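The next block holds one structure in the form of structure tokens; read it before the comments.
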Amino acid sequence: MARDPRYDILFEPIKIGPKIMRNRFYQVPHCIGAGSDRPGFQAAHRSMKAEGGWAAINTEYCSVHPESDDTHRLSARLWDAGDVRNLSAMTEHIHKFGALAGAELWYGSAHAPNMESRATPRGASQYASEFETLTYCREMDIDDIKKVQGYYVKAALRARDAGFDIVYVYGADSYIPLQFLSKYYNKRTDQYGGSFKNRARFWVETLEQVRKAVGDDMAVVVRFAVDTLMGPAGVEVEDDAMKFVEFADDIVDLWDVNLCGIAEWGENATPSRYYASGHHVSWTRFIKQVAKKPVLGVGRYTDPEKMLEIVTKGYADIIGAARPSIADPFLPNKINEGRVEDIRVCIGCNICISRWEIGGPPMICTQNATAGEEYRRGWHPEKFEKKGSEDSVLVVGAGPAGSECARILMERGYTTHLYDSAEKIGGHLNQIVLLPGLGEWGYHRDYRETQLNKLLKKNKNSQMMLGQKRMTAEDVLKYGAEKVVIATGSSWNTEGTNCITHNPIPGADASRPDQLTPEQVLDGKKPIGKRVVILNADTYHMAPSLAEKLALAGHEVTLVSGVHLAHYMHFTLEYSNVQRRLHELKINRMDDHFCSRIEPGRMEVYYTFGDGYKATYRGPGKSPRDANTSHQWIEFDSLILVTGRHSDDSLYKEVKARKSEWAANGIKDVYIIGDAEAPRLMADATFTGHRLAREIEEADAQDPLAYKREVAVWGTPHMPGGDHRIVYKV
Ligand code: ADP
Ligand code: SF4
């Protein structure tokens with residue numbers, strides 16, 4: 001199909017300095033956990049987007065010098081010839097597909113902990129990082145300033161050597177150029193502090209030096225948090241930001257504008273839980289009023305209508321994207337080919353970010369199971385190896401794992417029956433979307449529903465069988481499929497089993513009228529009383545999500561948490577706003593408390609650290625700590641048990657127990673995936689379904705094939721010999 005002519009404007013070439021972008025789609029710098037150390041991953045992940053139609057693709061933050069070392073997290077680096085060589089794999093592969101490659105030069109100051117290099121970071125003024133733990137910088141004198149500017153120049157020249165077309169002097173996320181500009185960091189009284197011009201001096205000088213060094217070979221780009229969202233204490237868009245853009249416009253080829261500082265960068269990489277697409281525009285639209293050079297804006301843009309609005313209303317010239325390009329590297333091509341319904345829409349869950357925030361491991365994506373797997377497993381998001389046998393496959397359970405597995409099996413040409421007792425695909429996600437702010441997560445289900453319906457038209461022997469009776473082991477054996485995939489999911493515990501005691505809680509019983517699991521809350525069948533207590537031992541979002549939902553419905557909610565509440569949401573950048581929301585809704589908190597027993601209408605709670613600090617050996621059968629005397633009773637009308645999950649694996653176990661009958665019934669193998677195997681993130685459940693479908697003809701397909709590791713091997717050159725080509729299994 002041809003593209004809708006209304007979207008033509010999105011495909012107009014656009015000039016940035018000496019370079020031409022072939023269209024207005026631009027992958028802004030974003031972390032993936034590849035850096036310069038995993039060149040295959042870096043090259044394959046980024047060039048996938050070049051293949052998918054993006055006009056420019058950037059590295060993540062790319063350190064200019066060992067003084068800016070983000071270990072335990074993994075940044076790109078341009079410290080030496082080895083980094084040049086490794087990153088040249090990225091530029092080479094991007095260029096093959098006709099796109100531009102950019103390096104985002106980064107000096108972090110005290111926000112870089114330097115745990116590997118042990119160097120001392122330098123800053124505009126001395127401060128303790130509000131993002132890192134126990135990291136201070138030393139205040140730069142004039143010699144230091146020259147030295148750090150020299151790091152940028154050398155790194156820019158290395159970027160040019162590596163084949164990059166674009167070089168950034170990166171000052172978003174409160175890194176050093178912005179620190180000089182911002183009164184929040186810059187307390188200097190010399191020519192680099194005080195007045196606007198003095199505060200802008202470091203950034204402008206660095207830009208001039210970088211531009212002079214790279215000449216006309218590269219476009220010089222600024223990434224700029226145009227409002228740090230702290231009012232006059234920091235950078236405000238209509239004050240310092242507009243002034244800076246006017247002041248430096250002549251020496252900049254493109255303004256890549258976003259919001260906020262690093263400590264709460266979820267206000268920029270906005271989770272859908274709190275912000276809709278395009279949230280940034282209220283601030284960033286001002287920049288076009290003063291910039292003569294092109295302006296690029298982000299805002300989790302996945303809808304071409306929204307993109308059109310951004311460009312035609314003059315808010316930005318270029319559509320910047322990180323997460324939409326991860327969820328769907330082929331987003332521009334799909335718009336171009338008139339296949340908008342095929343876009344795998346980013347759901348805004350920030351699981352991709354969580355892996356970088358935790359440090360080290362490759363990024364994953366809830367929507368796109370191939371993200372991060374392009375090089376090491378050879379997975380292409382849009383191309384699939386043809387089926388390796390004539391076996392038909394029954395998939396029981398159409399949640400995230402089962403529906404993804406069936407989708408890939410059908411893409412590969414396997415006759416596939418996707419079976420569920422539920423009327424709709426999506427599994428537990430159909431309840432999750434009822435929680436406050438999580439409606440957009442439903443795009444995960446919607447994408448698979450659309451694709452499965454399309455595939456069914458091509459693959460006439462396959463079927464989607466929804467609203468069926470629950471399948472038993474006998475039904476599976478008699479079904480007639482050669483291979484069976486069990487994707488029956490998981491449920492919340494009804495008897496209080498939890499990660500603290502690893503046992504049920506005496507008196508916990510969700511079959512009672514005054515106790516509920518999260519599923520029971522969301523299916524709305526059981527009445528819920530005025531005074532609600534939520535007992536939590538889960539570190540993700542369920543307890544705070546339910547607290548918010550019930551408080552909004554007028555209940556008085558108390559949250560009792562035996563684990564760090566919403567701990568994982570630090571990594572998804574939702575944590576601060578979760579806390580604000582619980583505070584706003586006046587939800588009572590009993591953090592570091594858990595429950596010892598439950599009686600009708602009340603439960604006994606204790607302080608989790610109330611048992612004496614010193615462990616002492618007191619003989620067998622005796623606790624090594626003093627008795628906990630902090631117990632107290634609290635009352636409720638309804639108690640919600642968010643204590644843990646268990647796999648719904650009874651069907652798998654029953655079928656497995658009848659293995660001796662498989663052959664007689666024509667069954668070659670039975671597999672278990674998703675939460676039925678072990679409760680996990682939706683991204684990981686989706687991955688297990690995708691992985692099995694890619695490898696189902698392997699002899700022991702339940703266990704994954706080995707993947708290519710990018711490691712230094714003792715006694716060999718650091719990049720060992722072997723096959724460094726990117727090979728997709730299609
Ligand atoms: P996952 O996240 O692993 O995909 P979900 O819990 O979201 O798991 O989805 C599991 C799906 O399996 C649900 O839609 C549920 O209705 C379905 N299911 C579970 N057991 C059976 C069964 N015995 N027969 C048919 N469908 C089942
Ligand atoms: Fe979007 Fe979630 Fe994928 Fe990140 S992990 S790209 S937020 S769908």
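The values are calculated or read from the model by the stated rules, or taken from the named source; none is laboratory data. The model shown is predicted, which means the values in this text are computed figures rather than measured ones. All Cβ positions, glycine included, derive from the backbone under ideal geometry; neighbour counts span all protein chains shown.
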Failed condition for G402, given (1) out of contact with any Ser or Thr (no Cβ under 7 Å at 6 or more places or on another chain); (2) within 30 Å of K525 (Cα to Cα); (3) part of a strand (DSSP E or B), with all others met? (3)
Would you tally the residues in the range 241-296 being assigned to a helix (DSSP H, G or I), among the polar types (S, T, N, Q) and either within 31 Å of the chain's Cα centre (by Cα) or crowded, with 22+ Cβ neighbours inside 10 Å (or both)? 2
Taking the options D239, D190, D217, name whichever one is in the same structural domain as G297 (by TED's automatic domain parsing) and without any contact (Cβ under 8 Å) to a residue 24 or more places away in the chain. D239
I'd like to verify a number: residues in the range 643-700 that are in contact with a helix residue (DSSP H, G or I) (Cβ under 9 Å, 6 or more places away or on another chain), over 13 Å from G489 (Cβ atoms), assigned to a helix (DSSP H, G or I) and not charged (D, E, K, R), how many? 9
Within the range 283-335, take every residue that is small (G, A, S) and closer than 30 Å to E373 by Cβ and give me the one that is nearest to ligand 2 (Cβ to nearest atom). A327
Considering (1) out of contact with any Gly (no Cβ under 8 Å at 6 or more places or on another chain); (2) under 28 Å from R38 (Cβ atoms); (3) more than 16 Å from ligand 1 (Cβ to nearest atom), say which one C349 fails and leave the rest. (3)
May I ask you to verify whether Q451 is within 16 Å of ligand 2 (Cβ to nearest atom), surrounded by 15 or more Cβ atoms within 10 Å (Cβ to Cβ) and farther than 16 Å from A487 by Cα? yes
Exactly one condition in (1) out of contact with any Phe, Trp or Tyr (no Cβ under 6 Å at 6 or more places or on another chain); (2) buried (at least 24 other Cβ atoms within 10 Å of the Cβ); (3) acidic (D, E) is false for E104; which is it? (1)
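For (1) in the same structural domain as P400 (by TED's automatic domain parsing); (2) not small (G, A, S), each residue gets a yes or a no:
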residue: G610; (1), (2): no, no
residue: P624; (1), (2): no, yes
residue: A627; (1), (2): no, no
residue: A657; (1), (2): yes, no
residue: H690; (1), (2): yes, yes
residue: R709; (1), (2): no, yes
Could you identify the single residue in I343, I326 that is away from ligand 1 (no atom under 16 Å from the Cβ) and touching a Leu at 6+ places or on another chain (Cβ under 6 Å)? I343
Residue pairs within 7 Å by beta carbon, gap of at least six or interchain, first lying in the range 376-387 and in contact (Cβ under 8 Å) with a residue 12 or more places away in the chain, second of a type in the set (S, T, Y) and surrounded by fewer than 18 Cβ atoms within 10 Å (Cβ to Cβ), listed first then second, are R376/Y707; R377/Y707
List the residue pairs whose Cβ atoms are under 8 Å apart, where the first residue sits in the range 629-640 and is surrounded by fewer than 17 Cβ atoms within 10 Å (Cβ to Cβ), the second is outside any loop (DSSP other than H, G, I, E, B) and among the hydroxyl-bearing types (S, T, Y), and the two are 6 or more positions apart or on different chains. S630/Y606; S630/Y607; H631/S596; H631/Y606; Q632/Y606
State all residues of the range 57-101 that are in a helix (DSSP H, G or I) and touching a Ser or Thr at 6+ places or on another chain (Cβ under 6 Å); if no residue qualifies, say none. D83, N86, L87, H93, I94
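Could we say that T366 is outside the structural domain of Y671 (by TED's automatic domain parsing), β-branched (V, I, T), in a loop (DSSP other than H, G, I, E, B) and in contact with a helix residue (DSSP H, G or I) (Cβ under 6 Å, 6 or more places away or on another chain) here?
Yes; evaluated as a whole, the condition is true for this residue.
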List the pairs whose first member sits in the range 267-295 and is at pLDDT 95 or above, whose second member is in a loop (DSSP other than H, G, I, E, B) and within 16 Å of ligand 1 (Cβ to nearest atom), and whose Cβ atoms are under 9 Å apart, counting only residues at least 6 apart or on separate chains? P271/C349; S272/I347; S272/C349; S272/L438; R273/C349; R273/L435; R273/L438; R273/H541
